[in-house]
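Here is the structure we will look at.
Read-outs: derived from the displayed coordinates by stated rules, not from any lab. Given the structure is predicted, the values throughout are model-derived calculations rather than measurements. No Cβ is skipped: glycine too gets one built from the backbone with ideal geometry, and neighbour counts run over all protein chains shown.
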Amino acid sequence: GVEKVVEGGQTMNPSIQDILNAVNECSKDTVFVLPNNPNVILAAQEAKKLSTNKKVEVVPTKNPAQGVPIILSFNSESTIEENLKIANEVLNHIHVVEITYSVRDTSFNGLQIKENDIIGFFDDNLTTTGKNPEETFIKLLNDVKDKIEGSEFISIYYGKDTDENNAKVLLSKLQETFPEFEFDLVYGGQPFYYYLASIE
């Protein structure tokens, strides 16, 4: 299970020493580190090199939507190598949806985006724009339907700035529009992102 959480964010990423300190505070001799942020992966890998008291394995997750399914995949009765292999297989299998907002006017992939427009990313690629987070989420799933064919589960984490009622309405609309998927809605509390979702 999860033993330590290192606080961070978009503008205040944990240092190598922060990660090392957390590793050393863990009770096990082998510690798996999930950065859950692309800006933290390098620091986690450096912490692995510098760790002398513990064996460190880094699974290069870019956000919590990738991290949660990997945590759930761990088996305490499996070997370190088996768990690492499964974790990386899960990571490579997951699709991720991110719904956030634009901080400036821009254009990308033929999309004209205004400051504060809602934008949707699929597997790190800007895919969809909209005027509200819920509409953008549904539009994005429609846009990538062929890429998620064969998937079964969509876990949605709504952020700290997302109204719970709006999230529940979104869930209802998704269940109606995409009956082939099983949806799970959880309060994630993440800043900046109205919704994060993993598709498996």
Kindly provide log₁₀ I(q)/I(0) values, in the same order as q = 0.16, 0.19 Å⁻¹, from the Debye equation applied to equal alpha-carbon scatterers of the chain. -1.07, -1.33
Using Cα positions and a limit of under 18 Å, work out the lysines in reach of Lys28, with same-chain residues fewer than 8 apart set aside. Lys4, Lys48, Lys49, Lys54, Lys55
Considering only C-alpha atoms, what is the centroid distance from the stretch 143-172 to the stretch 28-53, in Å? 30
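State, as an integer percentage, the relative contact order of the chain based on alpha-carbon contacts under 8 Å between residues 6 or more apart.
Computed over the chain, the figure is 16 percent.
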Could you compute Rg(Cα) / (2.2 N^0.38 Å) for the stretch 79-158, with N its residue count? 1.32
Theoretical gain in end-to-end length, Glu149 to Lys28 [0.36 nm per residue, Cα-Cα removed]: 39.6 nm
Within-12-Å neighbourhood charge of Lys62 [Cβ basis; K, R +1; D, E -1]: -3
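Based solely on its DSSP helices, what 222 nm [θ] is calculated for the chain when runs of n ≥ 4 H residues each add -39,500 (n - 2.57) and the sum is averaged over all residues, nearest 500 deg cm²/dmol?
On the way: 6 runs with 69 residues, N = 200.
Only helices count here, giving -10500 deg cm²/dmol.
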With equal scatterers on the alpha carbons only and no solvent term, can you work out the Debye log10 of I(q)/I(0) for the stretch 16-93 at 0.12, 0.13, 0.19 1/Å? -0.30, -0.36, -0.78
DSSP-loop trypsin sites (Lys or Arg not before Pro) across the stretch 105-200, with at most 12 other Cβ within 10 angstrom: Lys114, Lys131, Lys160
Can you tally the net charge around Thr128? Count Lys and Arg as +1, Asp and Glu as -1, for every other residue whose Cβ sits under 15 Å from the Cβ of Thr128. -3
What FRET efficiency comes out for the pair Asn142/Ile71, r = Cβ-Cβ distance, R0 = 22 Å, nearest 0.05? 0.15
